[in-house]
1. When only residues in the stretch 65-121 that are more than 19 Å from Ala45 (Cβ to Cβ) and of a type in the set (Lys, Arg) count, which is surrounded by the fewest Cβ atoms within 10 Å (Cβ to Cβ)?
2. Testing Glu46 on (1) modelled with pLDDT under 90; (2) crowded, with 16+ Cβ neighbours inside 10 Å, one condition comes back false. Which one is that?
3. Starting from residues that are among the aliphatic types (A, V, I, L, M) and assigned to a loop (DSSP other than H, G, I, E, B), keep the ones in the stretch 79-115 and report whichever is farthest from Asp16 (Cα to Cα).
Amino acid sequence: AGGRRELADSTPSLADPRASVQLWFVDRADGGVDVLAANGGRKIAEFAPASNGYARGVLRSMARQRRLSDIDRAPPFVLLERADGGLSLHDPQTGRQVSLDAFGPDNRRVFAALLQAAIEPNHSPLT
């Protein structure tokens, strides 16, 4: 009770996803984060400084795993909607995946919007 909740690592199948996009998450000098589609580098969203705490927590944990494994930050992450309808963020470099459904619909919605924005060029990005 009162303890910190850990991000849920899960092992749902990544085979045959409904949708999948490769994304870069780029830290800005002002503390914000730009989200870029790896296919062409198009900016699909931005997280203003001190916003989107859940998304930032997921990204920090994924980046930490890369640092611990001495892996370059350059390769993109894979955001996918699994065949069961769930969302996962997968790091092909470390093999780690995080189920994005574990912390409720509001937090899931942030990543669902990123997936939609990366797939549909005219979709309004998050800000």
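The values are calculated or read from the model by the stated rules, or taken from the named source; none is laboratory data. Computed from a predicted model, the values in this text were never measured in an experiment. Positions of Cβ are generated from backbone atoms using ideal geometry, with glycine treated the same way; all protein chains shown enter the neighbour counts.
1. Arg67
2. The number of the failed condition is (1).
3. Only one residue fits best here, namely Ala102.
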